[in-house]
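Right, one structure below, let's go through it.
The values are calculated or read from the model by the stated rules, or taken from the named source; none is laboratory data. Please read all numbers here as calculations on a predicted model, not as lab measurements. Please note: Cβ atoms are built from the backbone with ideal geometry, for glycine as well, and neighbour counts cover all protein chains shown. What goes into the accessible areas is simple: the full protein's heavy atoms, side chains included, and nothing from ligands, DNA or RNA. Shrake-Rupley method; radii C 1.70, N 1.55, O 1.52, S 1.80 Å.
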Amino acid sequence: GEQRDRPRGREPLRGRGGLCEHQANNVIDHVGVNLYAAAGVFASTTSHSNISRNEIRYSTRWGIAVRSEEATRSASRHNVIDRNKIQHTALATSDMGAISVIAFEVPPDANTSITNNCVRDAVGWATESDGSIKSPYNSRGLYLDNYASGYTVSGNVFRDAATTGAFIHWGVNNTITNNVFYNNSNLGESSNGQFSYAHTVSAMNISAANIFSRNVIAYFNLSYAAASWSSAAVGCPSWGECSDKHTFDEFDANLYYMEGADEEAWGNLADVTPVGAWSTWRDEMEYDLTSIYADPDFEDGSLCVKESSPARTQLDFEPLDEVACEC
């Protein structure tokens, strides 16, 4: 049943080396009072675990963090992260994801699903050398970190993250489909697109065989506010390489919309994609060839997509679970 403990200063739920863990139906808030590097649910080298229907809020770092151990090459696999509500993370740290998974070079596919979650308000907080505070800063809704591979990400809402809604960091065989990305990456100098990725080629690893399709990407036009704020729909970090079109087997059938901008003005923005204007993205990368620019037609007061939405009538976008879209 639902647990109403609010563990201020207590240890979060943790799993390590576990099989068949089930961490569900908890309300967890004010995480990290005593230790900033904390998560509402933290799991290391765990497999066949189900992390579902938790409400996690006000965390100094992660909402949910699942990691594999590089030293022993012990991978977390066959897990489910489903129907969680995660909000207000990275309140005292940065360079993270509200949902964060981390792997190692040439990992096995995780065969893990991240589905039907509401992820919002990943803030990010850091200090400068002079002691001044920088926030919001360097935070993501979902971070597929350090070669994380073999994830299915579907039916989620990622909204109001400082840097990007979701980020693939050198991964392989990740499928991101049927999600809503809403108003991410408009919150400061670390802005990096509603969705972002970085490609790598090494003797052991190449980013490839990812899929990004049937997603709704909608955001406000705040590019006028400061030169450092991004108008990117799809972004690439300053240290990343994003011009290799083999990173994705499929990048298509998405709906894009910037509030208050017509399609021509939006498509001509210099930073709308990692390679520049929309026409360059399509011609050189051969991505988003059947994607559309249109108002997503959300239900009033939510991010649930109406049956009449072009995403559903033209792109076969499937309706979201209320846990995710009433976010």
Report task. Would you please name the residue that is surrounded by the most Cβ atoms within 10 Å (Cβ to Cβ), looking only at residues in segment 82-92 that are at positive phi and assigned to a loop (DSSP other than H, G, I, E, B)? Result -> 90
Requested in this report: Take the residues in segment 98-116 that are touching a strand residue (DSSP E or B) at 6+ places or on another chain (Cβ under 6 Å) and of a type outside the set (Gly, Ala, Ser), then tell me which one is most open to solvent (accessible area, probe 1.4 Å).
Outcome: 111
Query raised in the report: Taking into account only those residues within segment 108-144 that are closer than 11 Å to residue 89 by Cα and not in a loop (DSSP other than H, G, I, E, B), which is farthest from the chain's Cα centre (by Cα)?
Result: 121
Query - Verdict on residue 253 being touching a helix residue (DSSP H, G or I) at 6+ places or on another chain (Cβ under 6 Å), over 24 Å from residue 160 (Cβ atoms), modelled with pLDDT of 95 or more and of a type in the set (A, V, I, L, M, F, W, C) - result: yes
Report task. Taking residue 152 as meeting all but one of (1) crowded, with 24+ Cβ neighbours inside 10 Å; (2) not in a loop (DSSP other than H, G, I, E, B), write down the number of the exception. Result -> (1)
**Report entry** Counted residues, segment 196-220 - those being under 20 Å from residue 296 (Cα atoms), touching a residue at least 60 places away in the same chain (Cβ under 8 Å) and either open to solvent by 10 Å² or more (accessible area, probe 1.4 Å) or aromatic (Phe, Trp, Tyr) (or both)
**Finding:** 1
Requested in this report: Of the conditions (1) polar (S, T, N, Q); (2) at pLDDT 95 or above; (3) in contact with a His (Cβ under 9 Å, 6 or more places away or on another chain), residue 207 clears all except one; give me its number.
Outcome: (2)
Query - Qualifying positions in segment 230-260 - in a loop (DSSP other than H, G, I, E, B) and of a type in the set (S, T, N, Q) - result: 230, 231, 238, 243, 254
Requested in this report: Take segment 267-283 and flag every residue that is of a type outside the set (Ser, Thr, Tyr) and without any contact (Cβ under 8 Å) to a residue 40 or more places away in the chain.
Outcome: 267, 268, 270, 275, 276, 277, 278, 282, 283
Query - Conditions (1) open to solvent by 10 Å² or more (accessible area, probe 1.4 Å); (2) of a type in the set (S, T, N, Q); (3) in contact (Cβ under 8 Å) with a residue 24 or more places away in the chain; number of the one not met by residue 179 - result: (1)
Query raised in the report: In this structure, is residue 119 open to solvent by less than 20 Å² (accessible area, probe 1.4 Å) and within 29 Å of residue 75 (Cα to Cα)?
Result: yes
Query raised in the report: Here are 262, 271: which of them is out of contact with any strand residue (DSSP E or B) (no Cβ under 6 Å at 6 or more places or on another chain), surrounded by fewer than 21 Cβ atoms within 10 Å (Cβ to Cβ) and at pLDDT 90 or above?
Result: 262
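Considering segment 3-47 alone, what residues qualify as being on the phi > 0 side of the Ramachandran plot and modelled with pLDDT of 95 or more?
Hits for segment 3-47 are 30, 32.
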Query raised in the report: Could you say whether any residue in segment 131-140 is closer than 17 Å to residue 154 by Cβ and either of a type outside the set (Gly, Ala, Ser) or open to solvent by 20 Å² or more (accessible area, probe 1.4 Å) (or both)?
Result: no
Query - The one condition in (1) farther than 23 Å from residue 174 by Cβ; (2) surrounded by fewer than 24 Cβ atoms within 10 Å (Cβ to Cβ); (3) free of Cβ contacts under 8 Å to residues at least 60 places away in the same chain that residue 95 fails to fulfil - result: (1)
Query raised in the report: Does any residue of segment 54-75 turn out to be part of a loop (DSSP other than H, G, I, E, B), within 24 Å of residue 128 (Cα to Cα) and open to solvent by 20 Å² or more (accessible area, probe 1.4 Å)?
Result: yes
Query raised in the report: How many residues does segment 75-131 contain that are touching a Pro at 6+ places or on another chain (Cβ under 6 Å) and closer than 24 Å to residue 208 by Cβ?
Result: 1
